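Before any comments, here is the structure.
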Amino acid sequence: MSELSIPASEALKRLRDGNLRFTSNVRCLESLLSHTKRGEMVGSQQPVAIILGCSDSRVPAEVVFDQGLGDLFVIRVAGNIVAPSQIGSVEFAAAMFDTKLVVVMGHSQCGAIKATIDDIENPNNSTSRNIRSIVDRVRPSVISLIGGKLDIDRDALIHEAVRANVRASANHLRHGSQLLEHLIADDGLLIVGAEYKLETGEVDFFDGCPPVV
């Protein structure tokens, strides 16, 4: 661990505290004024956490966790899916900056999840191959919940599918990279899954998290 990096547990607490401020409609003065220190970050950065989140415009990680310039290494892609480029981005930040915490964050009412459900219900719908590449990565999580049945409450299905997709992405990071496996086993890297609730602004850390003490 470098002298500037912080343990995963401390980083997780910092995110929890920041989200509590966000839901309370207050901001930390340090994050508000972080832009005044941009000159100090020209030559280096030391993000406290890596966030793999959805591209949805309503879920900006820095705002949701009340963090400032240089605090988070954020990777955003529709459906918070894990493809080789996302794995490489996480590997880069974890190895280069000695960041100990990775958060895979989905959110309620996710459009990529809804698109996947629509595709399963209407398989003949045409879509671009690029959008389909996203849907195809989300599909296994949804299929496992449906189990061949389509007469499931849609809202409940979306909710469970969001969380199943987060778990799948987090597990892919944990077990789909030799570098990340090494950092988890020997260097204190922690990969957790979370859901941001559009309705309340709360982030629920529900997968792979140590008990709150």
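The values are calculated or read from the model by the stated rules, or taken from the named source; none is laboratory data. Everything numeric in this text was worked out from a predicted model, so none of it was measured. Every residue, glycine as well, gets a Cβ built from its backbone with ideal geometry; the counts of neighbours run over all protein chains shown.
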* Restricting the search to the range 54-75, which residues are assigned to a helix (DSSP H, G or I) and β-branched (Val, Ile, Thr)? -> 63, 64
* To do: Kindly check whether there is at least one residue in the range 184-198 that is farther than 24 Å from residue 91 by Cα, out of contact with any helix residue (DSSP H, G or I) (no Cβ under 6 Å at 6 or more places or on another chain) and not aromatic (Phe, Trp, Tyr).
  => yes
* To do: List every residue pair whose Cβ atoms lie under 8 Å apart, where the two residues are 6 or more positions apart in sequence or sit on different chains, the first residue falls within the range 109-120 and is touching a residue at least 60 places away in the same chain (Cβ under 8 Å), and the second residue, located anywhere, is surrounded by fewer than 22 Cβ atoms within 10 Å (Cβ to Cβ) and not in a helix (DSSP H, G or I).
  => 109/198
* Asked: From the set of residues in the range 40-91 that are small (Gly, Ala, Ser), in contact with a helix residue (DSSP H, G or I) (Cβ under 6 Å, 6 or more places away or on another chain) and over 23 Å from residue 116 (Cβ atoms), which is modelled with the highest pLDDT?
  -> 49
* **Condition check for residue 119: crowded, with 19+ Cβ neighbours inside 10 Å, touching a Pro at 6+ places or on another chain (Cβ under 9 Å) and of a type in the set (Asp, Glu)** => no
* Filtered residues of the range 172-205 (kept if within 12 Å of the chain's Cα centre (by Cα) and either free of Cβ contacts under 8 Å to residues at least 24 places away in the same chain or loosely packed, with under 15 Cβ neighbours inside 10 Å (or both)) -> 204
